1. If you average the C-alpha positions of the stretch B:22-66 and of the stretch A:26-72 separately, how far apart do those two centres end up, in angstrom?
2. Any of A:68/B:71; A:68/A:110; A:98/B:70; A:1/B:9 with alpha carbons more than 29 Å apart? Name them for me.
3. Within a Cβ distance under 13 Å of residue B:78, other residues only, what is the Lys/Arg minus Asp/Glu net charge?
4. Which residue, B:63, B:16, B:40, has the most motion in a Gaussian network model of chain B that connects Cα atoms within less than 10 Å?
5. Place a point 7 Å from Cα of residue B:27 in the direction of its Cβ. Which residues in the stretch A:26-59 have their backbone N less than 14 Å from it?
6. Work out the length of the dipole vector of the protein assembly as shown about its Cα centre, built from +1 on the beta-carbon of each Lys and Arg and -1 on the beta-carbon of each Asp and Glu, and round it to the nearest 20 debye.
7. If r is the Cβ-Cβ distance from residue B:69 to residue A:95 and R0 is 25 Å, what FRET efficiency results, to the nearest 0.05?
8. Compute the Cα gyration tensor for chain B, then decide on rounded, prolate or oblate, letting a ≥ b ≥ c be the square roots of its eigenvalues: rounded whenever a/c is under 1.5, prolate when a/b is larger than b/c in the other cases, and oblate in all that remain.
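Values quoted throughout were computed directly from the atomic coordinates according to the rules given, and no laboratory measurement underlies them. Keep in mind the model is a prediction, meaning the values are calculated, not measured. Positions of Cβ are backbone-derived with ideal geometry, glycine not excepted, and every protein chain shown enters the neighbour counts.
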Amino acid sequence: KQEVTQIPAALSVPEGENLVLNCSFTDSAIYNLQWFRQDPGKGLTSLLLIQSSQREQTSGRLNASLDKSSGRSTLYIAASQPGDSATYLCAVGTNAGKSTFGDGTTLTVKP
Amino acid sequence: DGGITQSPKYLFRKEGQNVTLSCEQNLNHDAMYWYRQDPGQGLRLIYYSQIVNDFQKGDIAEGYSVSREKKESFPLTVTSAQKNPTAFYLCASSMGPTFRSSNQPQHFGDGTRLSIL
């Protein structure tokens, strides 16, 4: 059974700092990996999706990498802003359409 | 604008009562999903449907039921058999198995928060 772990559970950084969020998974036979943002009391917003054949994806200040062999993905956020404060979740997808989620990392960016 | 609509935003259940959460999408997606989120935790899959008139149990299906009579709609019923229903429920959709690509992001609604009276 796939297990997804996100460390740390919470992270606090000053504005402007670059940071990395980590996601690890136990079964490397994945279909894709998706990073989401969740604001308090809200649904999930998709940030980046990496297909199993890809190594990374970029969108603006965000860069996500995938290393299937080691069971790891990272989300890099450049020049963090207070508006980036949210919970970030990673989800590992199968070709049956199911996804397994990590518990998330809650990020606070202080002005 | 295309998207997923969940209603109601807040719902209260009495003991022994069944309640139904609505999920509607206008993205023309084949696949739809229901997740449960408890405080400080990630999402756990309750049920999913890859095509109309078909659905499968997820990891925590006990005490829940679903139907998929229309492509746009995937309602979730929380039955009285679910002894701990208080949670945040999220509905999602994706293109589905007919779109043969791993580039299929899941799109989410804004959720329904269910509490016990």
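1. That distance is 20 Å.
2. Working: A:68/B:71 34 Å; A:68/A:110 33 Å; A:98/B:70 20 Å; A:1/B:9 32 Å.
Cα-Cα > 29 Å for A:68/B:71; A:68/A:110; A:1/B:9; rest within.
3. Result for the neighbourhood of residue B:78: +3.
4. Of B:63, B:16, B:40, the most mobile in the Gaussian network model is B:40.
5. A:34-37, A:43-49
6. So the magnitude is around 260 debye.
7. Plugging the Cβ-Cβ distance into 1/(1 + (r/R0)^6) gives 0.45.
8. prolate
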